[in-house]
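One structure below.
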Amino acid sequence: MNPYRNLVWLLSALIVLRLHGAAPTVTPLGAIGQLLHGPARVAADGAGNIYVTDPAAGCVVVFDAFGQPCAVQDGFAGPLAIAIAVDGRIYLSEEKSGSVSVFDAQWRRLYQLGGGPGEFQLPGHLAVDPRAPDTVYVADSKANLVRVFAGNQQISQFGGAGSAAGQFDFPAGIFVRTNGEVFVVDQNNDRVEVFANGRYARAFTLAPGGSGGMNFGGPSGRSQALLVDSAGRAFVADAMQGQIKVFDANTGTFLGLVGSFGGAAGQLNLPTGLVLDGYNRLCVASANNARVELFGVDAFLHLSVQAPGGLLAAGTNLIFNVSSGGTGQPIQWRKNGVNISGATNGLLEIANARPGDSGNYSVVIGSGSGAITSSVTPVAVLAGPEILSAPQGQSVLAGADVNFFVLASGSALNIQWVFNGQNLPGATNANLFLPAVQTTQSGQYSVVVANAVKQVASAPASLVVVAPPQVMDIVAAGMQTNRQFGLTVHLDPGFNYVLEASPDLFHWDAITTFGDAGGWFDFVDNDATNNPNRFYHLRWAP
């Protein structure tokens, strides 16, 4: 046996690996989908914030490094392509207006490319030159051009309609490497073309059976976004087949797939945008799944927090986590910009969290000049609402003012008063004031006290509004033939009345009552002759 044969074979294998690159090791990490309807493109900034365009909703949703929504920018005319420069500048295309706007990191508009609206036929994808943050490449898909701008002025363009080298049939995804090479997905020609200094350099096919010997069980399907990682691998989103194809960026050799078609975890349905963030997480906009799917690539870090929407109920555990693949970087957790003592592990758990644990949390990964500080995720720990004193029932005359009160405890409370099962518009204070109530306001009043944790409702309190009688008269009085004194009264039916007598107009005694037996009553006062003076008073007895 030739002892050199194995050595020659090993060296050959190593040379092949270096020439063709290695397939990525991919770990599904879950998805982010809050507030998303039809995500189209994604971008990431240096702090790990993920920007997602949602054209149908007319907005851009921003997620922090922990996957929590932290901002929504709306009012755009079909926001489509998005890119973030190293200085934080935001480039955003709007499909309906055919424009690209440039914003600073606080979303203040700085300028628009070229003439603004109508400058582009379809600005479908954007890429910022990593060497010059004011230089952006725009894939104007319907014009079959890539147009290059420095500031707001166009400085060059390349492409043109066709299938020859350097031409396009609907250019889609675009990416600029640190060496200045520009990669463009030539969608309908089913290939990726590479340009250097604005000139065609090379291409590789995306079709089955091409240079990589691919066989996906069907034709390549409407490839969209692409990126090239630091290992020299090109990731291309195949929208129709629901997968990400990976190639050697230099040779075009097919290396593997990320994801598969479907709606389950780790699957993709119409992937149209992708970005590799600073933690080596591949973020893929899966439009028909209404979410951004996350995959760890090789050595990665994945940040998560157990506080959906940044809100947590008091008494539960607040859990932050950094999971990793192939990394051993030092970790330091922070609250409000200050290091948390001893919090240097991948897991930060605060048991039985209280409102005092609310704050802005972040994590520093690595050390020295190579350290990465995550974006801040705000967490509010809320005490659930509790009703300490509920509203009490009342009975009042029509025209009286009524006050209902509730005393409640909890964090960030919202109050809503309810009348006979229906919310009272504008009744959102602890005191419900009802001026000059009428009988139509009789009924059941309750109050709902809520916050983001839960809501509680009081028992209903009855309000009885009574209208006084309109008729209450002594219409006749006099000595009868039998020498007894008699009275005739006219009353509103449906009420109770009391007839009182007094010898001096100061001291009154009830001598009889009238109930609901009709509107006219006769009464004989047998005691009238026993008093030198006798005065009579008729009153309503509610």
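Values computed for the structure shown
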{"quantity": "In the range 119-149, residue surrounded by the fewest Cβ atoms within 10 Å (Cβ to Cβ) [restricted to those that are of a type in the set (S, T, Y) and part of a strand (DSSP E or B)]", "calculated": "T135"}
{"quantity": "Any hit, the range 473-483, residues being among the basic types (K, R) and in contact with a helix residue (DSSP H, G or I) (Cβ under 8 Å, 6 or more places away or on another chain)", "calculated": "yes"}
{"quantity": "Members of the range 287-324 that are assigned to a loop (DSSP other than H, G, I, E, B) and either in contact with a Cys (Cβ under 9 Å, 6 or more places away or on another chain) or touching a residue at least 24 places away in the same chain (Cβ under 8 Å) (or both)", "calculated": "A290, D298, A299, A307, A314, G315, T316, N317"}
{"quantity": "Complete set of residues in the range 63-94 that are free of Cβ contacts under 8 Å to residues at least 40 places away in the same chain, in contact with an Asp or Glu (Cβ under 7 Å, 6 or more places away or on another chain) and assigned to a loop (DSSP other than H, G, I, E, B)", "calculated": "F76, A77, G78"}
{"quantity": "Given (1) closer than 24 Å to T327 by Cβ; (2) buried (at least 17 other Cβ atoms within 10 Å of the Cβ), number of the condition N250 does not satisfy", "calculated": "(1)"}
{"quantity": "Options F175, F235, F204: the member that is at pLDDT 95 or above, more than 23 Å from T135 (Cβ to Cβ) and either not small (G, A, S) or not in a helix (DSSP H, G or I) (or both)", "calculated": "F204"}
{"quantity": "In the range 394-420, the residues that are assigned to a loop (DSSP other than H, G, I, E, B) and not acidic (D, E)", "calculated": "A398, G399, A400, V406, G410, S411, A412, L413, N420"}
{"quantity": "Odd one out for A164 among (1) modelled with pLDDT of 95 or more; (2) surrounded by 15 or more Cβ atoms within 10 Å (Cβ to Cβ); (3) of a type in the set (A, V, I, L, M)", "calculated": "(2)"}
{"quantity": "1 or more residues at pLDDT 95 or above and not assigned by TED's automatic domain parsing to the domain that holds F523: qualifying strands (runs of 3 or more DSSP E) within the range 421-485", "calculated": "431-434, 443-450, 455-457, 461-466"}
{"quantity": "Any pair with Cβ under 9 angstrom, 6 or more apart, that starts in the range 328-357 at a residue that is over 16 Å from N317 (Cβ atoms) and ends at one that is of a type in the set (K, R)", "calculated": "none"}
{"quantity": "Any pair with Cβ under 7 angstrom, 6 or more apart, that starts in the range 35-58 at a residue that is within 15 Å of A285 (Cα to Cα) and ends at one that is among the aromatic types (F, W, Y) and not in a strand (DSSP E or B)", "calculated": "none"}
{"quantity": "Qualifying positions in the range 342-370 - farther than 30 Å from V453 by Cα and surrounded by 14 or more Cβ atoms within 10 Å (Cβ to Cβ)", "calculated": "I365, G366"}
{"quantity": "Members of the range 122-143 found to be touching a residue at least 24 places away in the same chain (Cβ under 8 Å) and farther than 18 Å from N197 by Cα, listed by number", "calculated": "L122, P123, G124, H125, D140, S141, K142"}
{"quantity": "Selection from the range 489-517 of residues that are farther than 11 Å from R539 by Cβ, of a type outside the set (F, W, Y) and loosely packed, with under 13 Cβ neighbours inside 10 Å", "calculated": "P493, G494, D504, L505, H507, D509, D516, A517"}
{"quantity": "Selected residue [in the same structural domain as E94 (by TED's automatic domain parsing) and within 36 Å of the chain's Cα centre (by Cα)] from A201, A164, A127", "calculated": "A127"}
{"quantity": "Qualifying position, being of a type in the set (A, V, I, L, M) and buried (at least 22 other Cβ atoms within 10 Å of the Cβ), among V62, V100", "calculated": "V100"}
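Per-residue answers, yes or no, for (1) assigned to a loop (DSSP other than H, G, I, E, B); (2) within 19 Å of T488 (Cβ to Cβ); (3) in the same structural domain as V489 (by TED's automatic domain parsing); (4) touching an Asp or Glu at 6+ places or on another chain (Cβ under 9 Å):
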{"residue": "E500", "(1), (2), (3), (4)": "no, yes, yes, yes"}
{"residue": "D504", "(1), (2), (3), (4)": "yes, no, yes, no"}
{"residue": "T512", "(1), (2), (3), (4)": "no, yes, yes, yes"}
{"residue": "V524", "(1), (2), (3), (4)": "no, yes, yes, no"}
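The values are calculated or read from the model by the stated rules, or taken from the named source; none is laboratory data. Only a predicted model underlies this, so the values are computations on that prediction, with no experimental measurement involved. All Cβ positions, even for glycine, are placed from backbone atoms using ideal geometry, and neighbour counts span all protein chains on display.
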